[in-house]
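Undergrad: Sharing a structure here in structure tokens format.
No value in this document is a laboratory result; all are computed from the given coordinates. As the structure is a computational prediction, the values presented were derived from the model and not from experiment. With ideal geometry, Cβ positions are generated from the backbone for all residues, glycine too; neighbour counts draw on all protein chains shown.
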Amino acid sequence: MLTPTTTRADARALDGRRARRTAETASLGWKLLLLKITVLGLLNAASVYAAMVLFFNERWLIGTLVVVTGALITWIYFQRGALPAKYLAPGVTFLLIFQVFVILYSGYVAFTNYGTGHNSTKEHAIHAIMLQTQDRVPDSPTYPLTVVERSGELAFAVTAQEGEVLVGSADAPLEAIDGALVEEGRIVDVPGHTVLSFTELMERQQELSTLAVPLDEDPNAGALRTQDGQRAYVYTSRFVYDESSDTMTNTESGETYTDGGEGAFVTESGEQLMPGWRVNVGLDNFVRAITEESIRGPLLYVTAWTFAFAFLSVASTFVLGLFLAIVFNDPRMRSRRYYRLVMILPYAFPGFLSALVWAGMMNQEFGFINSVLFGGAAIPWLSDPWLAKLSILIVNLWLGFPYMFLVCTGALQSIPEELTEAAQMDGARPFQAFRQIKFPLLLVSIAPLLISSFAFNFNNFNLVYMLTGGGPRDIEAGINVGSTDILISMVYKVAFVGAQSDYGLASAFSILIFFIVGTISVIAFRRTRALEELN
């Protein structure tokens, strides 16, 4: 029996424990609050910096969205309650950035002429044209030059005839600057800039030789250029830009180039002056993909091969995986766990590494398959159009059957054996019981996985690019495409491979792929629901 003294002692101990827990909770609360303030502060700082950069480049809409998103996230995490919003906000934000924005931007690019020669704005194109066609002005005055640097960007510091110091860079014309130090006629210090030493000039000689600093805002006024970093001379362009008529005139030939409305200056004969600039072209990229024979032909056979590759890959991996699952699911098979471990080994290695290994083994001259298995035969596994297609299917079968094996094994083990036993008692043979009972139930479980596998193989870029690179090349095609290219690898080549990149056309192809895969998925899932209702 507890005495009053003992009871009071226990109560004091209990109160002490409660006080310690309250203090620990309060301490933890302050730590979480401090962490929250730090993280949100960094987030808002990054948002403000990104918005300033976007506003500076006249990306008003995106900059406004960045500011609004940062403010909304801050408001969500500083208000009390709203627990679902606090969990959903990060996921929704990343979804908008990495999915929705990418899709919308790809759609925007598909309606432009964005690509090689059309990468920037009209002002930048005019500047580039005049920069590329500059010649030194005869009897140009010599400007004593000091090369300076600011934030990694080179600039020129020169002394004008009036004695004032002028500073300019490739993006900013020469302007007077106060506080510069001149000793013995040479500029030795410029506020806010770092004067480059002789060694640093030598290290950046190539960058220095291509640098042109405009004399003023008028592009026809010319620019200063240097070869040795000590003296600068005036260079002017062979082209003169007339802003009032929006024309470029070649002063040597007298030809006049006008804005043709397609993102470039053109003559009356149709000759274009490059580089051009990015403009909206409407449905021109889609029309080109359908009407130009040099693009339509490759697009059609690549699309046909993409469907064949995806279908044959799913069918072959499913058949082999199902067969192995049935075999190793038989209770009479001994050491099944070890066989299953061996079966999933191809699935454990990265796909792109396996593709590179297979590419080496299929080498026509030194590959293991030709040298060892076929006694030194020179079989062109990767250079013949049809053998290259067969090689891709074989390698994809090697990479894909373990996944189907695992899926089918799990699906088979989930089907009660009593159904098969009941069918056999009614006189059905084992194969009939499997075909009429197990197989339909199996399809109900794995049909969505077959659909997703088809969509994956429809865009299986890694295998194609690592094994064959899409080759062998079709030299008659109007775009960079090969015999084993699928749609996604063709899009990659059009956008990024070769001397000419056409991002607008590649984005148009991407939209076509999106609608094709989406349509197939919708139809397939409807068929899956019908199969579930039937069963």
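Undergrad: Can you give the FRET efficiency to the nearest 0.05 for PHE439 and ARG332, using r as the Cβ-Cβ distance and R₀ = 22 Å?
TA: Calculated transfer efficiency: 0.60.
Undergrad: Can I ask one more? Taking every pair of Cα atoms in region 227-356, average 1/r, invert it to obtain the Kirkwood radius, and report Rg/Rh to two decimals.
TA: Value, to two decimals: 1.39.
Undergrad: Only Cα pairs under 8 Å and at least 6 apart count here; give the relative contact order of region 357-488 as a rounded whole percent.
TA: Answer for region 357-488 is 23 percent.
Undergrad: Please return the longest range in the chain lying between exposed loop sites, taking trypsin sites (Lys or Arg not before Pro), DSSP loop only, at most 12 other beta-carbon atoms within 10 Å, and leaving the sites out. Mind dumping the intermediate values first?
TA: Details: sites that count: ARG80, ARG332, ARG334.
Answer from the scan: 81-331.
Undergrad: Do you know the relative contact order of region 453-535, to the nearest whole percent, from alpha carbon pairs under 8 angstrom that are 6+ apart?
TA: 21 percent
Undergrad: In deg cm²/dmol, rounded to 500, what helix-only [θ] at 222 nm does the chain give when every DSSP H run of at least 4 residues adds -39500 (n - 2.57) and the total is split over its residues?
TA: Only helices count here, giving -18000 deg cm²/dmol.
Undergrad: Can you give the Rg/Rh ratio of region 55-103, where Rg is from the C-alpha atoms and Rh is the Kirkwood radius?
TA: We get a ratio of 1.05 for region 55-103.
Undergrad: Per the Kirkwood treatment, what hydrodynamic radius in Å, one decimal, follows for region 385-518 from the mean inverse distance over all distinct Cα pairs?
TA: 17.9 Å
Undergrad: Can you give the convex hull volume of the alpha carbon atoms of region 87-238 per residue, in Å³?
TA: Cα-based convex hull of region 87-238, divided per residue, equals 179 Å³.
Undergrad: Averaging over all projection directions, find the projected area of the Cα convex hull of region 428-489 and quote it in nm² with one decimal place.
TA: 6.4 nm²
Undergrad: Which three lengths, in whole Å and largest first, does the chain cover when its Cα atoms are put on their principal axes?
TA: Principal-axis extents of the chain (Cα, largest first): 109, 97, 47 Å.
Undergrad: If the reach is capped at under 22 angstrom between alpha carbons, list the lysines near LYS31, excluding any in the same chain fewer than eight residues apart.
TA: Correct list for LYS31: LYS86.
Undergrad: Related question: Where does the longest stretch of the chain lie that holds no chymotrypsin sites (Phe, Trp or Tyr not before Pro) found in a DSSP loop with 16 or fewer other Cβ atoms within 10 Å?
TA: Counting only loop sites that pass the neighbour cut-off, the longest clear stretch is 1-365.
Undergrad: Compute the relative contact order of the chain as a whole-number percentage, counting only Cα pairs closer than 8 Å that sit 6 or more residues apart in sequence.
TA: Worked out over the chain, it gives 14 percent.
Undergrad: When the Kirkwood hydrodynamic radius is evaluated over all pairs of different C-alpha atoms of region 454-535, what value in angstrom, to one decimal, is obtained?
TA: 14.2 Å
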